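The values are calculated or read from the model by the stated rules, or taken from the named source; none is laboratory data. On a predicted model such as this, the values are computed, not experimentally measured, just so you know. Neighbour counts run over all protein chains shown; Cβ positions are idealised from the backbone, glycine included. With ligands, DNA and RNA removed, areas are computed over all heavy atoms of the protein, side chains included. Shrake-Rupley method; radii C 1.70, N 1.55, O 1.52, S 1.80 Å.
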Amino acid sequence: MSLPPLVEPAAELTRDEVNRYSRHLIIPDVGMSGQKRLKNSKVLVVGAGGLGSPALLYLAAAGVGTLGVIDFDVVDESNLQRQIIHKQSSLGKPKVESAAEAVREINPLIDVVPHNVALDRDNIMEIFSGYDLILDGTDNFATRYMVNDAAVLLGKPYVWGSIYRFDGQASVFWAEHGPCYRCLYPEPPPPGMVPSCAEGGVLGVLCSSIGSIQVNEAIKLLAGIGEPIVGRLMIYDALEMTYRSVKVRKDPECVLCGKNPTQTELLEDYEAFCGAVSEEAAEAAQDATITVLDLKAMQDRDDDIFLVDVREPNEYEIVSIPGATLIPKGDFLNGSALEQLPQDKKIVLHCKSGARSAEALAVVKNAGFADAVHVGGGVLAWVNQIDPSQPSY
Ligand code: ZN
């Protein structure tokens, strides 16, 4: 399916612009009119992270006239393995500032608009309404559903990408011409089922493979060329080196873009909709969460505790709390961990930040370990508050 161009052409290109974009101008499908459309385009990149980094660099180089970037985070050392728009000298700086500097360095002929805020239901509609197209590089479900919903309600195309370890996916969601994200995924996955990149890792270069597909699709939509992947899901496997595309149909029952939509505005609370942890885990953790200071005190008093690290072996190798026994969360969910737990000691569970250990805690408490607890903030809080000589990840 080909679609008409999203953006009208700018009146003209300056001599500098003609020089700069000449390799676009001599492609018949792009030409002067396509480049003028890019010049007139306003694209918002949500997140200056793994996907946002290559996307911003290529959109800037391509001559997209107004490039917005929204992020509230600062550049951290662990970002530099993949977030190639940021540099060693940007550590500690707001990501939007670091990204805007890089964009200006690549192309001073375009406008870059940094939004140094967290996207929320109160600002998203106003921010999005200033752009023709939304390119999403977020890494969490709450933001992703909110971005989709706002894009559908505003009638804007939403270029989506997702990455995990060696696997990437991309699609264009645009309710006027095809499915939206909710047609593909009506419900968020149960909390704790889908690990984030911070939990499961991501191959740095995968970000560029998927970010480039997103930019490719954005340019096609803006200039009205080729066949955009509206209604198609691209699936990339970097280990097998395969690209597949599968059809995604509009769901006539979609709450947002179906025949009889039941949702006509943004949800009150996307965090609650997606849930950080399951209800059982939240309940189990309610009166059974200790701090790392509590844990340190228990260890110093030589309390009779059995400390369990429920993360994965790779994570345990990076950093661990002294005295912890590794039993990954999966073993709690399938029940095999229970026989490894001593009956005569207090069970103390921890993970990276406290979400997975809460899930494991629910299982342990259900199995009759009534005084079991988990450590809020996990090993990251331990490094932060007890032993800063250890690495974070
Ligand atoms: Zn839909």
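Condition first: open to solvent by 30 Å² or more (accessible area, probe 1.4 Å) and within 16 Å of the ligand (Cβ to nearest atom). Now tell me which residues in segment 258-280 satisfy that.
Initial filter on segment 258-280 (open to solvent by 30 Å² or more (accessible area, probe 1.4 Å)): 259-262, 264-265, 267-269, 271-273, 276-277, 279-280.
Those that are open to solvent by 30 Å² or more (accessible area, probe 1.4 Å) and within 16 Å of the ligand (Cβ to nearest atom): LYS259, ASN260, PRO261, THR262, THR264, GLU265, LEU267, PHE273.
Restricting to segment 336-353, name every residue that is in contact (Cβ under 8 Å) with a residue 24 or more places away in the chain and farther than 20 Å from ASP304 by Cβ. Selection gives CYS351, LYS352, SER353.
Mind checking whether some residue in segment 283-290 is exposed (fewer than 15 other Cβ atoms within 10 Å of the Cβ) and in the same structural domain as LEU361 (by TED's automatic domain parsing)?
Applying the first criterion (exposed (fewer than 15 other Cβ atoms within 10 Å of the Cβ)) to segment 283-290 yields 286-287.
Within this subset, residues satisfying the condition of being in the same structural domain as LEU361 (by TED's automatic domain parsing) are 286-287.
The answer is yes, given that some residue of segment 283-290 is exposed (fewer than 15 other Cβ atoms within 10 Å of the Cβ) and in the same structural domain as LEU361 (by TED's automatic domain parsing).
Residue-level check: of (1) within 19 Å of the chain's Cα centre (by Cα); (2) within 29 Å of LYS39 (Cβ to Cβ); (3) away from the ligand (no atom under 16 Å from the Cβ), ILE163 misses just (2).
Restricting ALA238, ALA198, ALA218 to residues that are under 14 Å from the mean Cα position of the chain (by Cα) and either surrounded by 15 or more Cβ atoms within 10 Å (Cβ to Cβ) or more than 16 Å from the ligand (Cβ to nearest atom) (or both) narrows the list to ALA198.
Being at positive phi and away from the ligand (no atom under 16 Å from the Cβ): is that true of GLY224 here?
Values: at positive phi: yes; away from the ligand (no atom under 16 Å from the Cβ): yes.
Yes, satisfied.
The residues of segment 120-147 that are without any contact (Cβ under 8 Å) to a residue 12 or more places away in the chain and either in contact with a Leu (Cβ under 8 Å, 6 or more places away or on another chain) or polar (S, T, N, Q) (or both) amount to a single one, ASN123.
If the condition is being out of contact with any strand residue (DSSP E or B) (no Cβ under 6 Å at 6 or more places or on another chain) and open to solvent by 30 Å² or more (accessible area, probe 1.4 Å), then segment 124-140 contributes MET125, GLU126, SER129, GLY130, ASP139, ASN140. A search for C-beta distances below 9 Å between a residue of segment 245-257 that is closer than 17 Å to LYS156 by Cβ and any residue that is more than 9 Å from the ligand (Cβ to nearest atom) and not in a loop (DSSP other than H, G, I, E, B), counting only pairs 6+ apart in sequence or on different chains, returns LEU256/ASP149; LEU256/LEU153.
Of all residues in segment 35-59 being in a helix (DSSP H, G or I) and open to solvent by less than 10 Å² (accessible area, probe 1.4 Å), which is farthest from SER208 (Cα to Cα)? The residue in question is GLN35.
Checked against the criterion of being under 16 Å from the mean Cα position of the chain (by Cα) and within 16 Å of the ligand (Cβ to nearest atom), the candidates SER209, SER171 yield just one match: SER171. When GLU253 is tested against (1) modelled with pLDDT under 95; (2) away from the ligand (no atom under 16 Å from the Cβ); (3) of a type outside the set (A, V, I, L, M, F, W, C); (4) surrounded by fewer than 17 Cβ atoms within 10 Å (Cβ to Cβ), exactly one condition is not met: (2). Scan segment 141-181 for residues that are open to solvent by 10 Å² or more (accessible area, probe 1.4 Å), closer than 16 Å to CYS274 by Cα and not aliphatic (A, V, I, L, M) and the total you get is 3. For segment 263-284, the set of residues classified as more than 26 Å from PHE128 (Cα to Cα) and either among the charged types (D, E, K, R) or at pLDDT 90 or above (or both) consists of GLU279, GLU280, GLU283, ALA284, listed by residue number.
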